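The values are calculated or read from the model by the stated rules, or taken from the named source; none is laboratory data. Keep in mind the model is a prediction, meaning the values are calculated, not measured. Backbone-built Cβ (ideal geometry, glycine too); neighbour counts: all protein chains shown. Just the protein is used for accessible areas: all its heavy atoms, side chains included, with ligands, DNA and RNA removed. Shrake-Rupley method; radii C 1.70, N 1.55, O 1.52, S 1.80 Å.
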Amino acid sequence: MTGEVEARLIALACSAQPEGYARWSLRLLEKHVQLTEDIPNLDHSTIGRVLKKRNCVLI
């Protein structure tokens with residue numbers, strides 16, 4: 001995974017959560033990544049590893 005993909009994933013995780021949700025979850029991020037054309041499909045465990053590696057916490 002490239003640094004650019006990681007940056008886009010982190011930017012998505014740091015953005016406002018979708019309407020109707022109180023916060024992002026790994027599963028919700030996984031669903032949105034699948035809808036985003038500039039980020040390759042990633043499963044929730046991979047997303048979690050990337051966020052953990054970059055010390056990002058979903059709140």
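A few comments on the model shown:
- Here region 1-28 is the region considered, the condition is being touching a residue at least 24 places away in the same chain (Cβ under 8 Å) and of a type in the set (A, V, I, L, M), and the residue that is most open to solvent (accessible area, probe 1.4 Å) is M1.
- Taking the criterion of being in contact (Cβ under 8 Å) with a residue 12 or more places away in the chain and of a type in the set (D, E, K, R), the residues of region 32-46 that qualify are D38, D43.
- Within region 1-28, the set of residues being of a type in the set (A, V, I, L, M, F, W, C) and over 19 Å from R49 (Cβ atoms) comprises A16, A22.
- Taking the conditions (1) of a type outside the set (A, V, I, L, M); (2) free of Cβ contacts under 8 Å to residues at least 24 places away in the same chain; (3) not in a helix (DSSP H, G or I) in turn, R49 satisfies each one other than (3).
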